[in-house]
Amino acid sequence: MNVIIKYCPSTLAEGFETYSEVAAGRLFDGAKVSPFLDFTLSANKISTSVSAVMDRISVSGVQEKFPAVVRDGKICLAGENERSTHILKPSPWDPSLAYRNEISANENLTMQIASQVYGIETAANGLCFSKDGKAVYITKRFDVAVDGSKFMMEDFSSVVGRSEATGGKYFKYDGCYADIANAIRNVSADVDGDLQRFFNILVFNYIYANGDAHLKNFSLINDAEGRSRLAPAYDLINTSLHVKDSDFALEGGLSPDIEKSEVYMKFGHPCRFDFERFGAHIGLSEDKVGKVLDCFMDVPQLSKTLIDNSFLSQRMKRSYLRSVGERVSRFVRR
């Protein structure tokens with residue numbers, strides 16, 4: 001199946017038949033790499049060696065994941081004893097997910113909007129295309145150094161002490177977002193910076209309808225000097241296009257210790273005032289909270305352009321924009 005590329009399959013910039021120089025720099029350290037794979041990723045064709053490597057990947061998420069490397073300008077599956085530099089995420093094979101073949105394009109789009117529009121530090125990402133023409137999400141591992149060594153990384157389910165053994169099957173959805181903020185305050189080497197970055201991601205997830213921002217989708221990572229900091233954002237996706245979910249992944253929402261606004265009580269959805277209270281609750285100054293929230297008072301033109309340039313179908317592009325518009329309407333409601 002032939003795939004015609006008119007936009008960079010990473011940054012979504014117009015006028016590219018392959019990765020732009022900017023994308024290649026971020027995703028492949030400047031190397032020229034083909035976006036076309038020489039293989040397919042099938043539920044029935046996972047080799048034992050690939051499965052063994054998959055078990056060692058620590059980045060969480062709901063999609064199937066394959067370790068990958070780049071060899072001679074091509075994206076390849078990593079061998080069993082080979083340190084992977086990238087992760088491939090094809091569309092989930094679960095047929096119960098609506099429009100599942102568009103999930104990879106959705107994730108690439110959402111990650112690019114987070115980075116380009118809102119200045120959120122994200123994992124380098126893009127799309128590649130399997131031999132049968134299907135879009136596959138690719139992300140560069142930020143926990144692997146240039147020399148192949150690995151930075152220590154810990155997701156927040158572990159940081160706050162929750163596991164399946166202690167909290168059951170759905171442990172990663174237990175708690176509230178204030179739990180993550182409190183953990184950042186206790187362990188981060190850059191408390192103020194990481195709290196503001198976390199707050200920005202949290203508001204973004206609400207506006208862009210990411211209802212799967214659970215404890216394992218936030219992590220701490222040690223930098224080259226061994227200092228702990230909030231890891232770049234990953235697994236950002238507009239889940240409302242594929243499942244019926246709630247405003248927040250965590251059962252406790254923002255925090256059970258914060259009084260909900262009248263708007264929240266009346267309509268069942270938070271507005272800007274609720275996020276203002278949360279920002280103050282976690283110790284951010286009024287100026288810092290306002291600086292973040294002011295960015296979400298409308299749908300920026302660049303977001304609209306990236307949606308239009310994305311690899312989503314026309315129907316899904318309209319649904320994506322509509323969902324964000326609805327969230328903004330809730331957010332600005334007084």
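The values are calculated or read from the model by the stated rules, or taken from the named source; none is laboratory data. Predicted model only: the values in this text are computed from it and were never measured. Cβ coordinates were reconstructed from backbone atoms using ideal geometry, including for glycine residues, and neighbour counts include every protein chain displayed.
Give region 119-152 a look and list any residue that's over 16 Å from the mean Cα position of the chain (by Cα) and surrounded by 15 or more Cβ atoms within 10 Å (Cβ to Cβ), or say none.
Pass one, region 119-152, residues over 16 Å from the mean Cα position of the chain (by Cα): 128-135, 144-152.
Within region 119-152, C128, F129, S130, K134, A135, V144, F151 meet the criteria.
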Counted residues, region 288-319 - those being more than 30 Å from F273 (Cβ to Cβ) and among the aliphatic types (A, V, I, L, M)
2
Condition test on A249, is it within 22 Å of E102 (Cα to Cα), hydrophobic (A, V, I, L, M, F, W, C) and either buried (at least 18 other Cβ atoms within 10 Å of the Cβ) or not assigned by TED's automatic domain parsing to the domain that holds F296 (or both)?
yes
Residues that are at pLDDT 95 or above: find the helices (runs of 4 or more DSSP H) completely inside region 89-173 holding 2 or more of those.
103-118, 156-159
Checking the structure you have, find out if any residue of region 94-106 is surrounded by fewer than 24 Cβ atoms within 10 Å (Cβ to Cβ) and of a type in the set (V, I, T).
no
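Here is a yes/no grid of residues against (1) buried (at least 19 other Cβ atoms within 10 Å of the Cβ); (2) touching a residue at least 12 places away in the same chain (Cβ under 8 Å); (3) closer than 17 Å to V289 by Cβ:
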| residue | (1), (2), (3) |
| --- | --- |
| V159 | yes, yes, no |
| H214 | yes, yes, no |
| V243 | no, yes, no |
| E259 | no, yes, yes |
Subset of region 256-290 (residues that are of a type in the set (G, A, S) and at negative phi)
S261, G279, A280, S285, G290
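Out of curiosity, is I237 surrounded by 20 or more Cβ atoms within 10 Å (Cβ to Cβ), assigned by TED's automatic domain parsing to the domain that holds K169 and among the β-branched types (V, I, T)? Break it down stepwise before answering.
Numbers: surrounded by 20 or more Cβ atoms within 10 Å (Cβ to Cβ): yes; assigned by TED's automatic domain parsing to the domain that holds K169: yes; among the β-branched types (V, I, T): yes.
Spelling it out, I237 is indeed surrounded by 20 or more Cβ atoms within 10 Å (Cβ to Cβ), assigned by TED's automatic domain parsing to the domain that holds K169 and among the β-branched types (V, I, T).
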Would you confirm, using the coordinates I've provided, whether A181 is part of a loop (DSSP other than H, G, I, E, B), of a type outside the set (D, E, K, R) and not assigned by TED's automatic domain parsing to the domain that holds L109?
no
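This table checks each residue for (1) assigned to a loop (DSSP other than H, G, I, E, B); (2) surrounded by fewer than 15 Cβ atoms within 10 Å (Cβ to Cβ).
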site: V3; (1), (2): yes, no
site: F16; (1), (2): yes, no
site: A23; (1), (2): no, no
site: G30; (1), (2): yes, yes
site: T40; (1), (2): yes, yes
Subset of region 157-184, residues farther than 22 Å from S228 by Cβ and in contact with a His (Cβ under 7 Å, 6 or more places away or on another chain), comes to Y173
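Is it the case that region 67-77 has a residue that's part of a loop (DSSP other than H, G, I, E, B), surrounded by 15 or more Cβ atoms within 10 Å (Cβ to Cβ) and modelled with pLDDT of 95 or more?
If we filter region 67-77 for residues that are part of a loop (DSSP other than H, G, I, E, B), which is where we start, we get 72-73.
Those still in the list that are surrounded by 15 or more Cβ atoms within 10 Å (Cβ to Cβ) too: none.
The answer is no; no qualifying residue exists.
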Of all residues making up region 63-92, the number that are in contact (Cβ under 8 Å) with a residue 60 or more places away in the chain and either farther than 18 Å from D132 by Cα or of a type in the set (G, A, S) (or both)
4
When every residue in region 187-217 that is among the hydroxyl-bearing types (S, T, Y) and not in a helix (DSSP H, G or I) is compared, the one nearest to the chain's Cα centre (by Cα) is Y208
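To keep it simple, each residue is scored yes or no on (1) modelled with pLDDT under 95; (2) of a type outside the set (K, R); (3) within 12 Å of I207 (Cβ to Cβ).
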{"residue": "S261", "(1), (2), (3)": "no, yes, no"}
{"residue": "G279", "(1), (2), (3)": "no, yes, no"}
{"residue": "F296", "(1), (2), (3)": "no, yes, yes"}
{"residue": "P300", "(1), (2), (3)": "no, yes, yes"}
{"residue": "S303", "(1), (2), (3)": "no, yes, yes"}
{"residue": "R315", "(1), (2), (3)": "no, no, no"}
